[in-house]
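Comments concern the structure below.
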Amino acid sequence: MPNRRNAIYTFIIICLLAGLLTGRAFFFSLSFILGTLLILALIWSWFAVARITVSRKTRTRRAQVGRTLGEAFQIRNKSFLPKLWLEVQDYSDLPGHKVSQVIPLLGGRATHRWYADTECIVRGEFTLGPMGISSGDPFGLFNKERRTSGGLHVIVYPQTLPVPRFDSPANMLSGGEPRRQRSHTITTNAAGVREYAPGDSFNRIHWASSARKDRLMVKEFEIDPLTDVWLLPDFSAHTLVEAPGLIHVNGDGAVLPRGSAIPQSTEEYTVVIAASLANYFVEQKRALGFTAYVPHREVYQPERGHRQLLHILETLAVARSKSVYTLAETMSLETPYMSRGTTVIAITASLDPEWIFELQVLAKKGMRPMAILLDPATFGGYGNVDDPRSMLRLGKIPTLTISYGDDLSAALSQNTI
């Protein structure tokens with residue numbers, strides 16, 4: 001388009017010079033016509049993007065790797081004048097999100113709708129929008145673009161893999177000590193009844209007591225005498241191992257996968273393992289806790305239910321291995337508040353023996369530690385996992401060793417050593 005305008009500018013100048021040199025009115029008339037054409041084309045291009053609105057709606061602001069994110073778009077012409085063509089350009093930073101479209105003709109007071117499904121391939125927090133509307137004159141001399149303000153924020157949870165079984169220390173327990181604490185959820189331990197309060201679920205009403213007292217009474221429950229489970233994924237910058245040439249989303253986000261496989265990064269494996277185990281324990285109706293430095297401190301006290309899983313997945317979606325705290329330091333900071341009998345599962349690629357000593361200390365305090373050790377050599381790093389694995393075996397700490405390329409569903413379901 002600039003080349004076309006420059007050609008007309010040049011031709012106008014030539015016509016004016018020819019008119020001055022020859023004195024013929026034809027060249028002045030031609031210059032006037034071309035100048036008028038430029039002005040009309042500029043006005044047309046301005047009106048082409050005026051009184052146009054674009055709206056987008058997402059089915060949900062939450063998605064997950066491996067699933068699709070659906071969006072509905074609507075562009076409306078509020079003017080009675082038709083638009084010959086419109087180009088809608090999307091400036092979202094979600095990888096693989098392609099919703100830009102060219103609309104050939106939009107009549108006056110007309111509306112155009114379209115839908116788009118995007119497969120989510122990488123975890124993280126992204127912005128959908130803004131969007132740009134561009135159009136021009138029929139001669140292709142001017143092109144105007146107008147951008148919509150703002151955008152929608154969506155979060156893509158990490159992938160969770162099915163875990164048929166998990167040989168954790170908690171599986172070796174027949175139960176735990178009774179805990180005289182009231183539970184907000186229904187458990188197998190009924191503790192008594194109380195008067196109904198607004199907001200109580202109807203399935204908690206104890207009808208026999210209600211009939212006897214002539215008013216609604218609801219059952220109260222105590223926390224299950226099962227031990228809590230804590231996940232401690234390691235996001236220390238010292239233990240991060242990645243294959244060379246990996247591409248990070250937006251330069252500093254998660255690793256962009258090259259296919260369906262998990263990228264060759266200990267960070268990505270840690271995230272998927274933690275997410276899969278969180279999903280497993282929530283499905284088992286266990287009280288699950290979570291603590292990690294991602295790099296900021298995130299702690300979720302043990303709870304049951306899908307809401308706890310969503311909290312953990314949101315944290316793992318944006319987790320990055322940039323923490324200055326090692327796993328041993330994280331344990332020394334966070335584990336003193338954990339109760340006796342708690343199951344602590346550490347996920348790390350660190351070969352530093354300090355965190356193993358911390359697990360041994362936890363075992364002496366009556367906790368039940370477990371280690372999921374990523375072999376850094378298989379991710380392009382250095383070191384041998386035999387020494388830390390031997391130390392863990394001597395400390396009678398159940399351990400799973402994960403290598404790059406392993407089937408995580410099968411690897412997490414195998415027996416510990």
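Observations on the structure shown:
- Test result for Lys365, among the basic types (Lys, Arg), free of Cβ contacts under 8 Å to residues at least 40 places away in the same chain and in the same structural domain as Pro398 (by TED's automatic domain parsing): yes
- Matching option when the condition is more than 30 Å from Ser134 (Cβ to Cβ), free of Cβ contacts under 8 Å to residues at least 60 places away in the same chain and not assigned by TED's automatic domain parsing to the domain that holds Val122, among Phe26, Phe11, Phe32: Phe26
- Selection of the stretch 268-321 for residues being over 23 Å from Gln414 (Cβ atoms), charged (D, E, K, R) and out of contact with any helix residue (DSSP H, G or I) (no Cβ under 6 Å at 6 or more places or on another chain) yields Lys285, Arg297, Glu303, Arg304, Arg307, Glu314, Arg320.
- So Leu240, is it modelled with pLDDT of 95 or more, under 30 Å from Ala317 (Cα atoms), in a loop (DSSP other than H, G, I, E, B) and not assigned by TED's automatic domain parsing to the domain that holds Thr127: yes
- Checked against the criterion of being touching a strand residue (DSSP E or B) at 6+ places or on another chain (Cβ under 8 Å) and free of Cβ contacts under 8 Å to residues at least 60 places away in the same chain, the stretch 404-411 has at least one qualifying residue.
- In summary, Asn279 fulfils each of the numbered conditions (1) buried (at least 19 other Cβ atoms within 10 Å of the Cβ); (2) in contact with a strand residue (DSSP E or B) (Cβ under 9 Å, 6 or more places away or on another chain); (3) closer than 15 Å to Tyr157 by Cβ with the single exception of condition (2).
- Meets criteria (of a type outside the set (S, T, N, Q), in a loop (DSSP other than H, G, I, E, B) and modelled with pLDDT of 95 or more) for Ala319: yes
- Within the stretch 149-228, strands (runs of 3 or more DSSP E) holding 3 or more residues that are at pLDDT below 85: 190-195, 217-222
- Looking only at residues of the stretch 408-417 that are hydrophobic (A, V, I, L, M, F, W, C) and under 27 Å from the mean Cα position of the chain (by Cα), we find that the one that is surrounded by the fewest Cβ atoms within 10 Å (Cβ to Cβ) is Ala410.
- Single unsatisfied condition, Leu34 versus (1) over 20 Å from Gly140 (Cα atoms); (2) surrounded by 14 or more Cβ atoms within 10 Å (Cβ to Cβ); (3) not charged (D, E, K, R): (1)
- Selected residue (only one of Glu119, Glu71, Glu87 is within 30 Å of Val318 (Cα to Cα), surrounded by 15 or more Cβ atoms within 10 Å (Cβ to Cβ) and among the charged types (D, E, K, R)): Glu71
- Strands (runs of 3 or more DSSP E) within the stretch 54-117 that include 1 or more residues free of Cβ contacts under 8 Å to residues at least 60 places away in the same chain: 68-77, 86-90, 101-103
Okay, residues lined up against (1) crowded, with 20+ Cβ neighbours inside 10 Å; (2) closer than 21 Å to Leu310 by Cβ; (3) in contact (Cβ under 8 Å) with a residue 40 or more places away in the chain:
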| site | (1), (2), (3) |
| --- | --- |
| Leu231 | yes, yes, yes |
| Asp234 | yes, no, yes |
| His238 | no, no, yes |
| Val241 | yes, no, yes |
| Pro244 | no, no, yes |
| Asn250 | no, no, yes |
| Val271 | yes, yes, yes |
| Ala275 | yes, yes, yes |
| Tyr293 | yes, yes, yes |
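- Phe27 farther than 30 Å from Glu87 by Cβ and surrounded by 15 or more Cβ atoms within 10 Å (Cβ to Cβ): yes
The values are calculated or read from the model by the stated rules, or taken from the named source; none is laboratory data. Remember, predicted model here, so these are calculated numbers, not experimental data. Note that each Cβ is placed from the backbone with ideal geometry, even for glycine, and that neighbours are counted across all protein chains shown.
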